[in-house]
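The structure appears below as structure tokens.
The values are calculated or read from the model by the stated rules, or taken from the named source; none is laboratory data. Just so it is clear, the model here is predicted, and its values are computed rather than measured. Counting neighbours? That spans all protein chains shown, and the Cβs are built from the backbone with ideal geometry, glycine included.
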Amino acid sequence: MTKKERRETIAAIAAELEKQYPEALCALEWDGKPWKLMVMGSLSAQCTDARVNLVCRELFAKYPTAQALGEGDLTEIEEIVHPCGLFRTKAKNIKNACMRLTDTYGGVLPDTMEQLLTFPGVGRKVANLLLGDVYKKGGTVTDTHCIRICGRFGMYPEALKDPLRVERIMDELLPPEIRSDFCHRIVQFGRDVCTARAPMCGSCPLRHLCAHGKDRTA
């Protein structure tokens, strides 16, 4: 497909996903508090959103503010986030990120990619999530669902797994104002229909727009 064709196709896909998932809900339960989304995004690396939500209920009950978490005992934080994996690194990152948020920014999450990338545990994926959900100006959140599914759609070769390259490709195809909602809907769609091991192409409402789905009918 040409870039124009890919833009037209992804626009049609986005419109169909909006019909399927009108609310475009973030899978992380951050209660509208940006610092919580920063912490949860950091914990979500190589961990399911469901587990992060469960762990953070205990974490936020014990540390109800960014300042409290930043001043918290590292060993205790490690014990709480242990189920998320890589717990020592993650505990250190979220503690230090909360300290930075409090000490440097007065508790107000900054609104640029450059500033967000200075926080421990915040890479481009989490930064785009924060910019999109908090400030409505993020790029494409290239998590595993997005990378897998947009490749299947034919937006780039399915073998491409580089998050940064995928982000740049998709940012050229998706208007800025829909990127955040599109990515939330892709996560829902990836869990319900376009799963990693066994995509349900036979019952997929997007099959007629999907390169992978069309190949399955050939």
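Does region 206-215 include one or more residues that are under 13 Å from G151 (Cα atoms), assigned to a loop (DSSP other than H, G, I, E, B), modelled with pLDDT of 95 or more and under 20 Å from the mean Cα position of the chain (by Cα)?
Within region 206-215, none of the residues are under 13 Å from G151 (Cα atoms), assigned to a loop (DSSP other than H, G, I, E, B), modelled with pLDDT of 95 or more and under 20 Å from the mean Cα position of the chain (by Cα).
Counting residues that are among the polar types (S, T, N, Q) and within 20 Å of the chain's Cα centre (by Cα), which helices (runs of 4 or more DSSP H) fully inside region 1-109 reach at least 1?
Of the helices (runs of 4 or more DSSP H) lying wholly inside region 1-109, those with at least 1 residues that are among the polar types (S, T, N, Q) and within 20 Å of the chain's Cα centre (by Cα) span 3-20, 34-43, 49-62, 87-105.
Which one of the conditions (1) buried (at least 21 other Cβ atoms within 10 Å of the Cβ); (2) in contact with a Phe, Trp or Tyr (Cβ under 8 Å, 6 or more places away or on another chain) does I169 fail to meet, given that it meets all the rest?
Result: I169 fails condition (1) only.
Assigned by TED's automatic domain parsing to the domain that holds A45 and either polar (S, T, N, Q) or out of contact with any Phe, Trp or Tyr (no Cβ under 6 Å at 6 or more places or on another chain) (or both): is that true of L131 in this structure?
Spelling it out, it is not the case that L131 is assigned by TED's automatic domain parsing to the domain that holds A45 and either polar (S, T, N, Q) or out of contact with any Phe, Trp or Tyr (no Cβ under 6 Å at 6 or more places or on another chain) (or both).
Could you please let me know if G202 is under 21 Å from D49 (Cα atoms) and either at pLDDT below 95 or assigned by TED's automatic domain parsing to the domain that holds L17 (or both)?
no
Would you mind telling me which numbered condition in (1) free of Cβ contacts under 8 Å to residues at least 40 places away in the same chain; (2) part of a helix (DSSP H, G or I) I178 fails?
For I178, the exception is condition (1).
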